[in-house]
Amino acid sequence: MAENLNLFTSTQEVIKKALQKLGYDESMYELLKEPLRMLEVRIPVKMDNGQVKVFTGYRAQHNDAVGPTKGGVRFHPNVSEEEVKALSMWMTLKAGIVDLPYGGGKGGVICDPRQMSMGELERLSRGYVRATSQIVGPTKDIPAPDVFTNAQIMAWMMDEYSRMDEFNSPGFITGKPIVLGGSLGRDKATAQGVTIVIEEAAKRRNIDIKDARIVIQGFGNAGSFLAKFMSDLGAKVVGISDAYGALYDPEGLDIDYLLDRRDSFGTVTTLFENTISNKELLELECDILVPAAIENQLTAENAHRIKASIVVEAANGPTTSEATKILNERGILLVPDVLASAGGVTVSYFEWVQNNQGYYWTEEEVNEKLLKKMVEAFDNVYTVATSRNIDMRLAAYMVGVRKTAEASRFRGWV
Ligand code: GLU
């Protein structure tokens with residue numbers, strides 16, 4: 001049978017198992033196996049050449065029993081309805097794992113921002129907000145950055161919403177520039193969260209970060225900051241990559257230099273001659289492997305050849321279910337995406353809280369609160385995994401889905 005590379009159906013499978021383990025019957029699965037709401041929109045945008053191009057966008061709201069839905073908006077050519085649905089379900093799990101008062105949401109627009117001017121991006125961002133305005137809002141569904149969207153895009157979206165609302169609404173969206181009510185520490189939050197879970201996982205495996213060799217796939221927001229944090233902690237970052245190739249140095253790469261040369265989409269390897277492929281990168285000799293790029297990177301085909309003893313998923317969905325099984329059988333500690341990458345939405349929640357109260361915290365306060373959330377989350381998932389003798393992904397899904405299931409039951413939905 002061909003390997004299941006479909007994120008949506010493999011997510012459903014794990015949710016089903018997690019609910020069964022928690023003692024819920026089929027009706028709870030029926031409720032949670034798909035988003036409650038899925039909006040597809042068409043967004044006309046006047047392009048710089050004077051022609052109108054109509055883009056397709058989505059917003060999925062998985063479940064709002066716990067509170068408003070929350071999750072990023074991605075701008076990418078591969079966005080699809082199924083992907084957005086799966087990603088909204090993961091946001092429910094992330095919010096459950098770090099115990100935030102949210103359900104999961106996610107949005108996306110099929111486009112290639114690398115080929116668009118700033119003006120076109122602004123018009124598309126504003127158009128997306130107008131098109132989805134009926135179902136989003138600071139107490140309904142709160143967007144945030146995701147793949148190829150950033151603080152500037154959040155600023156345009158917030159401005160558009162505020163104009164429609166005739167009210168300044170910083171709590172409409174998170175990941176904003178600091179001057180518009182963004183939170184200190186939000187830009188680095190995903191990488192910060194990944195760093196914390198790497199430290200926790202390393203402790204469990206008696207690995208000293210200072211002696212560790214780390215390979216990071218992807219040099220975007222998560223991957224690049226993570227490389228910096230890891231090298232600041234004294235680890236050797238021996239491999240990094242972007243969409244075009246990978247760099248390897250067994251003695252450790254000069255991360256500050258690479259960060260300096262990277263462009264805003266995370267491209268850096270095109271400046272070098274001696275590159276290796278992304279495929280080779282994943283199989284390098286190292287202690288900790290961090291896929292921080294795209295889906296379906298660790299598969300049944302290469303999982304046998306992974307050398308790391310810890311794999312931490314900073315990207316969403318980098319490991320297939322077959323590969324998860326193989327890595328577990330091989331005794332590799334796999335920290336799943338819904339736990340490892342929950343730092344971003346955690347600090348987004350802090351941003352929203354600060355917007356709502358109108359009082360802003362220092363970066364130290366934000367980081368301290370993030371550390372507490374992530375350590376607790378790791379501990380909870382690790383304890384469920386070891387005490388029940390199940391893999392970390394299933395354990396994370398159990399911890400993640402529990403709150404939404406309970407809230408749905410209290411509300412009498414199931
Ligand atoms: N897009 C990020 C994620 O997938 C952040 C979501 C948020 O901050 O709401 O977790």
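Suppose the Debye formula is applied to equal point scatterers at every Cα of the range 186-319; what is log10 I(q)/I(0) at q = 0.14, 0.15, 0.20 Å⁻¹? Reported log10 I(q)/I(0), two decimals: -0.53, -0.62, -1.17. The convex hull around the C-alpha trace of the range 280-361, projected and averaged over every direction, spans 6.3 square nanometres.
Measuring spread by the Cα atoms of the chain yields a radius of gyration and Dmax of 20.3, 62 Å. Nonpolar atom fraction for the range 292-351, defined as the carbon and sulfur part of the 1.4 Å probe accessible area, stands at 51 percent. What the pair-distance distribution of the range 362-402 shows, using all Cα-Cα distances binned every 5 Å from zero, is 6, 25, 24, 16, 11, 10, 7, 2, 0 percent. Given the range 91-131, report the % of alpha carbon pairs whose separation exceeds 15 Å. Taking all Cα-Cα pairs of the range 91-131, the fraction more than 15 Å apart is 56 percent.
DSSP finds beta bridges in the range 163-280, and of those with both partners inside it, around 55 percent are antiparallel.
For V335, the residues 5 or more places off, or on other chains, whose built amide H falls under 5 Å of its own are V311, V312, E313. Size descriptors for the range 218-270, from the alpha-carbon set: Rg then Dmax equal 9.9, 27 Å. One Cα centroid belongs to the range 264-294, the other to the range 13-65; the line between them spans 31 Å. With only Cα atoms counted, the range 1-69 has Rg and Dmax values of 18.1, 58 Å.
For the range 62-187, what does the convex hull of the Cα positions come to per residue, in cubic angstrom? Please list the in-between numbers first.
Values: hull volume 12.8 nm³, N = 126.
Here the figure is 101 Å³ per residue.
With the simple spin-label model, which puts each label point 7 Å out from Cα in the Cβ direction, the E376 to F410 separation comes to 1.6 nm.
Out of all DSSP beta bridges with both ends in the chain, state the antiparallel percent to the nearest 5. Can you show the working numbers first?
On the way: 21 of 44 bridges.
The antiparallel proportion sits near 50 percent.
Projected label points at T56 and E82, each 7 Å from Cα along the beta carbon direction, are separated by 1.3 nanometres. The length gained on full extension between N274 and R330, counted as 0.36 nm times the residue separation minus their Cα-Cα distance, comes to 17.0 nm.
At a Förster radius of 60 Å, what calculated FRET efficiency corresponds to the Cβ-Cβ distance of T299 and E166, to the nearest 0.05? That pair, T299 with E166, gives E of 0.75.
Take the Cα gyration tensor of the range 102-245, multiply each eigenvalue by 5, square-root it, and list the three semi-axes largest first, rounded to whole angstrom. Before the final figure, lay out each step's value.
Numbers: eigenvalues 239, 63, 31 Å².
Over the Cα atoms of the range 102-245, the semi-axes work out to 35, 18, 12 Å.
Average accessible surface for the range 289-414: 40 Å² per residue, computed with a 1.4 Å probe over protein heavy atoms with every protein chain in place.
Can you tell me the length gained on complete extension of the stretch T9 to Q357, counting 0.36 nm per residue apart and subtracting the Cα distance?
Values: separation 348, 0.36 × 348 = 125.28 nm, distance 3.95 nm.
Net length gain for the segment: 121.3 nm.
In this calculation the C-beta distance from K140 to E283 is compared with R0 = 45 Å, giving a FRET efficiency of 0.50.
Which number comes out as Rg/Rh for the range 55-103 once both Rg and the Kirkwood Rh are worked out on C-alpha atoms? Write out the running numbers ahead of the final one.
Details: Rg = 11.2 Å, Rh = 11.2 Å.
The Rg/Rh ratio comes out at 1.00.
Simple spin-label estimate for E26 and V41 gives 3.8 nm between the two label positions (7 Å along the Cα-to-Cβ direction from each Cα).
Peptides 17-23, 84-90 ordered by packing proxy, namely the average of other Cβ atoms within 10 Å per residue, highest first: 84-90, 17-23. Work out the P(r) tail for the range 1-119: percent of alpha carbon pairs separated by more than 20 Å, whole number. Here the tail beyond 20 Å accounts for 49 percent of pairs. By the Cα gyration tensor, the range 270-406 has an equivalent ellipsoid whose semi-axes, rounded to whole angstrom, run 30, 22, 12 from largest to smallest.
The values are calculated or read from the model by the stated rules, or taken from the named source; none is laboratory data. What you see is a predicted model, and the numbers here were worked out from it, not measured in a lab. Because the Cβ atoms are built from the backbone with ideal geometry, glycine has one as well, and the counts that use them run over all protein chains shown. The accessibility values were calculated without ligands, DNA or RNA, using every heavy atom of the protein model including side chains. Shrake-Rupley method; radii C 1.70, N 1.55, O 1.52, S 1.80 Å.
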